[in-house]
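The values are calculated or read from the model by the stated rules, or taken from the named source; none is laboratory data. All values reported here derive from a predicted model rather than from experimental measurement. Cβ placement follows ideal geometry from the backbone for every residue including glycine, while neighbour counts extend to all protein chains displayed.
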Amino acid sequence: MEKILVIGAAGQIGSDLVLALRAVHGNENVFATDLRSASNEVMETGPFQLLDVMDDKRLIHFIIRNRITQIYHLAAVLSGNAERLPLQAWDINMRSLLNILEIAREVPEVTKVFWPSSIAVFGPTTPRHNTPQLTIMEPNTVYGISKQAGERWCEYYRNKFKVDVRSLRYPGLISYKAEAGGG
């Protein structure tokens, strides 16, 4: 039985993802976490915990205690806030990802990690039509730079430690339910 952790469950992607995963895997098998309260639907249909992804000791304890097998790491400081707080955004976006990758490397029960990237990795020199997977990136925002670095870290952990980490480059997403919070 899969035990799934969604970090960033109160956000635009997380709020819907938690409900979809619970419909497939069972409410009791999908653990929703965030720094702030999520929607009533997320909080009332299954396990929810306030949890800071930057608190690596508490995070690993939570993962081991709940026998987590998959992690969806959605927490991040998004574009607008990242431009206002570049050092904080870099620290949160990179250190939180590295915490998750290290946990996946060290905890054998964790067999899958999903971490979203973004088209923010592309910059003004990127081909705009039929953009290939491997191409010129040159991001020009703090968020884009952190996502590009995150892609490289995921690739490194996959190649070096065989961590099963997957990612998609999302476009700018707007939820019909959750307010844009900027991470």
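Of all residues in the stretch 11-27, those satisfying the criterion of being part of a loop (DSSP other than H, G, I, E, B) and either in contact with a helix residue (DSSP H, G or I) (Cβ under 7 Å, 6 or more places away or on another chain) or at pLDDT below 95 (or both) are GLY11, GLN12, ILE13. Within the stretch 23-61, the set of residues being under 23 Å from VAL107 (Cα atoms) and basic (Lys, Arg) comprises LYS57, ARG58. If a residue must be over 17 Å from VAL142 (Cβ atoms), part of a loop (DSSP other than H, G, I, E, B) and either among the small types (Gly, Ala, Ser) or at pLDDT below 95 (or both), how many such residues does the stretch 88-127 contain? Adding up the residues that qualify gives 3.
If you go through the stretch 145-175 and keep only what is in contact (Cβ under 8 Å) with a residue 40 or more places away in the chain, of a type outside the set (D, E, K, R) and either surrounded by fewer than 13 Cβ atoms within 10 Å (Cβ to Cβ) or not in a helix (DSSP H, G or I) (or both), you end up with VAL163, VAL165, SER167, LEU168, TYR170, PRO171, GLY172, LEU173, ILE174, SER175. Scanning the stretch 47-70 for residues that are without any contact (Cβ under 8 Å) to a residue 24 or more places away in the chain and outside any strand (DSSP E or B) turns up PRO47, ASP52, ASP55, LYS57, ARG58, HIS61, ARG65. Tell me, which residue of the stretch 47-83 that is charged (D, E, K, R) and surrounded by fewer than 16 Cβ atoms within 10 Å (Cβ to Cβ) is farthest from the chain's Cα centre (by Cα)? My answer is ARG65. Residues in the stretch 107-150 that are over 26 Å from LEU59 (Cα atoms) and polar (S, T, N, Q): THR125, THR126, ASN130, THR131, GLN133, THR135, ASN140, THR141.
If I filter the stretch 132-142 for residues that are touching a strand residue (DSSP E or B) at 6+ places or on another chain (Cβ under 8 Å) and within 24 Å of GLY80 (Cβ to Cβ), do I get at least one hit? No, the stretch 132-142 has no match at all. Residues of the stretch 100-118 include none that is loosely packed, with under 14 Cβ neighbours inside 10 Å and polar (S, T, N, Q). Taking the stretch 92-141 as the range and being within 22 Å of ASN159 (Cβ to Cβ) and of a type in the set (Lys, Arg) as the test, the residues that pass are ARG95, ARG105, LYS112. Candidates in the stretch 36-46 are the residues that are part of a loop (DSSP other than H, G, I, E, B) and crowded, with 17+ Cβ neighbours inside 10 Å; of these, the one that is nearest to the chain's Cα centre (by Cα) is ALA38. Against the list (1) crowded, with 22+ Cβ neighbours inside 10 Å; (2) on the phi < 0 side of the Ramachandran plot, the condition GLY8 fails is (2). Could you grab me the full set of residues in the stretch 71-87 that are in a helix (DSSP H, G or I) and within 18 Å of ALA149 (Cβ to Cβ)? Scanning the stretch 71-87 gives SER79, ASN81, ALA82, GLU83, PRO86, LEU87. One residue alone among VAL30, VAL6 is at pLDDT 95 or above, over 12 Å from ALA75 (Cα atoms) and not small (Gly, Ala, Ser), and that residue is VAL30.
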